[in-house]
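S.K.: Here it is, the structure in full.
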Amino acid sequence: MSYQVAAYYFPQYHRDPRNDRWHGPGWTEWALVRAATPRFPGHQQPKVPLWGYEDEADPAVMARKIDAAADHAVDTFIFDWYWYDGAPFLNGALDEGFLGAPNNDRLQCALMWANHDWISIFPRAHDTTPRVLAPGATSRPQFEAAVEYMIEHYFAHPSYWRIDGRPYVSIYELMTLVRGLGGADATRRALDWFRERVQATLGCDLHLNAVAWGIQILPSETVLTDPRALVSALGFDSVTSYVWLHHVPFESFPRVSYPAYAEHAARDWERLATAYGVPYYPNVSMGWDSSPRTVQSDPFDPTPGYPFTGVLVGNTPMAFRDALMRARDVLDRRPPSQRVLTVNAWNEWTEGSYLEPDTVNGMAYLEAIRGVFGQDITAPVPASAAHETR
């Protein structure tokens, strides 16, 4: 069997001019990773990256990430990609790091346009409502400017991910897209224009993917009331998810059992497979712990909402491998072109969902992916994978 394993990549671990303005010169989200503390007994914080607090915009740093991913059956980095006020944001990891890495022919890259409002949650205080730092909705001129940037900078690169020969682009928030473009009909016209521009420039169609979710996480998010109708009206080719928490609510606080939660998420794949009228690519999440994005001295309770949420516990590499095995069984029943899995995430360190090695488990999560989707799917998870991590 052949599979496509695509890990989301969150690029806030390099310096960006907007973050310099908002948080001070040189700030990156490593500051929150370093500052995290245990918020309840047995809570394993802070997370410490095995490779150190690196600058992902450095091509040499990104080259090690590429090698680690490619060596462990990860095929693609789907970069969370941002466009605010007519310019990209947090694009240094892709533009300078990945595209500048000498070994970027070993891994594919793709974009998920993370078109949500950028809000002040780095960190969030318990008694405050996050303010919008940059709105995610885009007008038609801004949409066209973003599209031209994508085409010029990414789509023609030999490492850009294509499905059936078509560049893959995912949209995170459909309702935000529709709101900015002035309604569903206007959005369909804009997306059709997007396809036409790709056809005229590259001589191929576009593969448009929608991220679907049914539970609000960020305060600015809006739940779709009829996602199937909207996906159809806008002409998307496929649907996937970003993280399990978009679909499966936490039923306890602060601890949530990862094995039980993974079982619920796996059952949900059957519902999602027929929910949209187009192929649905299942998602496996490595974990969840957004507590580093809270003010560490504030009370830790769920009253304010995100990032004061529950924490997945028991998400050992072995438990993660079990979830991957369930996903592989689903993919084995699909046509070859639909054997696509998205994974949350390569490096969501402040949401507790990362494949990059830490000082507790080393490479064990990556070894779990290689064990399930690599050449030797019967390979055992090493002893380090038995460690409890949450």
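The values are calculated or read from the model by the stated rules, or taken from the named source; none is laboratory data. Just so it is clear, the model here is predicted, and its values are computed rather than measured. Note: ideal-geometry Cβ built from the backbone for every residue, glycine included; neighbour counts use all protein chains shown. These accessible areas exclude ligands, DNA and RNA; they are computed on the full protein's heavy atoms, side chains included. Shrake-Rupley method; radii C 1.70, N 1.55, O 1.52, S 1.80 Å.
S.K.: Enumerate the calculated ³J(HN,Hα) couplings along segment 27-36 in order (Karplus 6.51 cos²θ - 1.76 cosθ + 1.60, θ = phi - 60°), each rounded to whole Hz, writing x wherever the residue is Gly or Pro.
M.R.: Once θ is set to phi - 60°, the couplings for segment 27-36 become 5, 9, 6, 4, 4, 6, 4, 5, 7, 5 Hz.
S.K.: Excluding ligands, DNA and RNA, what is the solvent-accessible area per residue of the chain at a probe of 1.4 Å, expressed in Å²?
M.R.: Accessible surface, normalised per residue, equals 36 Å².
S.K.: Let me ask something else about it. Report, as a whole number in µm² per second, the diffusion coefficient that Stokes-Einstein gives for segment 56-198 at 25 °C and 0.890 mPa s using the Kirkwood radius over alpha carbon pairs.
M.R.: Diffusion coefficient, whole number: 149 µm²/s.
S.K.: If you add up the charges near residue 341, with Lys and Arg at +1 and Asp and Glu at -1, over every other residue whose beta carbon is less than 12 angstrom from its beta carbon, what do you get?
M.R.: Once all neighbours under 12 Å are counted, the net charge is +1.
S.K.: Can you tell me the alpha carbon radius of gyration of segment 34-129 divided by the globular rule-of-thumb value 2.2 N^0.38 Å?
M.R.: 1.32
S.K.: When 1/r is averaged over all different Cα pairs and the result inverted, which Kirkwood radius in Å belongs to segment 221-285?
M.R.: 13.0 Å
S.K.: If the elastic network links every pair of Cα atoms under 10 Å, which of 133, 208, 94 fluctuates the most in the Gaussian network model of the chain?
M.R.: Answer for the Gaussian network model of the chain: 133.
S.K.: Okay, next question. So if I restrict to the alpha-carbon atoms in the chain, what is the Rg, and what is Dmax, the biggest pairwise distance, in Å?
M.R.: Computed over the Cα atoms of the chain, radius of gyration and Dmax are 19.6, 58 Å.
S.K.: Convex hull over the Cα atoms of segment 202-359, averaged projected area in nm²?
M.R.: Here the figure is 11.5 nm², rounded to one decimal.
S.K.: If you roll a 1.4 angstrom probe over the protein chains with everything in place, what fraction of the accessible area of segment 16-145 belongs to carbon and sulfur, to the nearest %?
M.R.: The computed percentage sits at 52.
S.K.: Can you bin segment 1-58 into rounded, prolate or oblate? Criterion: square roots of the alpha carbon gyration tensor eigenvalues sorted a ≥ b ≥ c, rounded for a/c under 1.5, prolate for a/b above b/c, oblate for the rest.
M.R.: The shape class here is oblate.
S.K.: Rank-order 21-33, 112-124 by packing density, defined as the average count of other C-beta atoms within 10 Å over each peptide's residues, highest first.
M.R.: In descending order of packing, they fall as 112-124, 21-33.
S.K.: Once you charge only the Cβ atoms, +1 for Lys and Arg and -1 for Asp and Glu, what is the size of the charge dipole of the chain about its Cα centre, to the nearest 20 debye?
M.R.: Roughly 500 debye for the chain.
S.K.: Something else: When the C-alpha atoms of segment 258-333 are aligned to their principal axes, what extent does each axis show, in angstrom, from largest down?
M.R.: 49, 30, 16
S.K.: Something else: Taking the dipole about the Cα centre of the chain, with the C-beta of Lys and Arg at +1 and of Asp and Glu at -1, give me whichever of 24, 337, 361 is farthest to the positive side.
M.R.: Farthest towards the positive pole: 337.
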